[in-house]
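Chemist: Just dropping this structure here.
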Amino acid sequence: MARKNLGCSSSLFLVLLAVGSFFATYNLITLVVHNKAANHGQYTYDPLVVMPDNMKRTGGKKVLFHVALTATDAPYSKWQCRIMYYWYKKTKDMEGSEMGKFTRILHSGQPDNLMDEIPTFVVDPLPSGLDRGYIVLNRPWAFVQWLEKATIEEDYILMAEPDHIFVNPLPNLARGGHPAAFPFFYIEPEKNEKVIRKYYPVENGPVNNVDPIGNSPVIIRKDLLEKIAPTWMNVSLRMKDDPETDKTFGWVLEMYAYAVASALHGVQHILRKDFMLQPPWDLETNNRFIIHYTYGCDYNMKGELTYGKIGEWRFDKRSHLRGPPPRNISMPPPGVPESVRTLVKMVNEATANIPGWDTT
């Protein structure tokens, strides 16, 4: 593919990013609030694939995985990557961790000013206009290029995102041909069977073969990802080209595409709810591995969550589209859950210790 001509202005990029992110976050918040009330804080209707007994590990040699995340060269992406990499370095060698090396897969097509700070592999974006403003369509194409061109020592790969923070040392949760993934309550293949069947025909099997996941976080064997990634890319583009699919799946279209592509290759994931927590809805960090700070955290000074309404105290990554958040963000008021307090503490520690933070 030809290299994308980055002719769009940075302001247009930020507008598209902000609009897309706004709808992604606040449409999902409505769903989360409803389902949290119905399930007393547990997504009890998520299916769970139990790890096969004969594949459980009881000790011995570590099985390392390579940490890989796709990123843009926008300031919004850069500061998140810097925090993520800081906590990767802090937890990599802790007891229980099986993290190997780290790569930021930069799909800008050209190097940026973080090349010396974060291990980075530059790949091309999609040709101009092909993503139609849906930036994450570049993700599967970035993985295809990286897997083809890079030397990856580990046999497993963690597909992560810039807004992930390692809150506890992460072991390899995958087992052989069974990757590990986090189940998202809003990925509902059976509810959307009519659309799913356009890409996963009846002859391929029941629709519940399509896991309720996205590509991240996923720990997967490298050879399996090499097979899935081109299909994931092609299914993503086909879905985006279909108006019904695009309207139905919206900002999570690429997540559905990964789930469908995996099913087409007969790959079923072990679903691990402990893989990740998402403040403010998940309240504690104990026995979880990754903080995903995709949702805005808004509270009044009584420590009450204000559900998508801008709070008297707030932390929302979208408040910092044009540059990094300041050092030493104020701590939330008393009564705010431990997960949110831990998130702020971890952001503050990273920003206090990353040289040249304000120049991101």
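Chemist: What is the packing order of peptides 116-124, 286-294, 213-221, taking the mean over residues of other C-beta atoms within 10 Å and listing the highest first?
Modeler: Working: 116-124: 16.4, 286-294: 19.3, 213-221: 24.0.
Averaged packing, sorted descending, gives the order 213-221, 286-294, 116-124.
Chemist: Which lysines have a Cα lying under 20 Å from the Cα of LYS61, excluding residues fewer than 8 positions away in the same chain?
Modeler: LYS92, LYS101, LYS222
Chemist: Which one, VAL218, PRO169, LEU237, projects farthest toward the positive side of the charge dipole computed for region 138-246 from Cβ point charges (K/R +1, D/E -1)?
Modeler: LEU237
Chemist: Let's see if you can work this out: charge +1 on each Lys and Arg Cβ, -1 on each Asp and Glu Cβ, no other charges. What is the dipole magnitude of region 158-311 about its Cα centre, in debye to the nearest 20?
Modeler: Values: 16 positive and 19 negative charges, 42 e Å.
That gives a dipole near 200 debye.
Chemist: Let me ask something additional. Going Cα to Cα from LYS194, which lysines come in below 22 Å? Please leave out same-chain ones fewer than 8 positions away.
Modeler: LYS240, LYS247
Chemist: Still on this model: Modelling each spin label as a point 7 Å along the Cα-to-Cβ direction, I'd like the ASP93/HIS265 distance in nm, to one decimal.
Modeler: 3.3
Chemist: Moving on to the next point. Keeping every protein chain in place, order VAL260, VAL63 by accessible area at 1.4 Å, biggest value first, i.e. largest first. Show your work: numbers first, answer last.
Modeler: Values: VAL260 0, VAL63 45 Å².
Solvent-accessible surface, decreasing: VAL63, VAL260.
Chemist: Also, I was wondering about something else. If the cut-off is a Cα-Cα distance under 15 Å, which aspartates and glutamates reach LYS149, setting aside same-chain residues fewer than 8 apart in sequence?
Modeler: By straight Cα distance, LYS149 reaches ASP124, ASP223, GLU226.
Chemist: Let me ask something additional. Determine the dipole magnitude for region 176-236: charges of +1 sit on the beta-carbon of Lys and Arg, -1 on that of Asp and Glu, nothing else is charged, the reference point is the Cα centre, and the result goes in debye to the nearest 20.
Modeler: That gives region 176-236 a dipole magnitude of about 100 debye.
The values are calculated or read from the model by the stated rules, or taken from the named source; none is laboratory data. Since the model is a prediction, treat every value here as computed from it, not as a measurement. Note that we place each Cβ from the backbone using ideal geometry, even for glycine, and neighbour counts take in every protein chain shown. When the accessible area is computed, the model is the full protein with side chains, heavy atoms only, and any ligands, DNA or RNA have been set aside. Shrake-Rupley method; radii C 1.70, N 1.55, O 1.52, S 1.80 Å.
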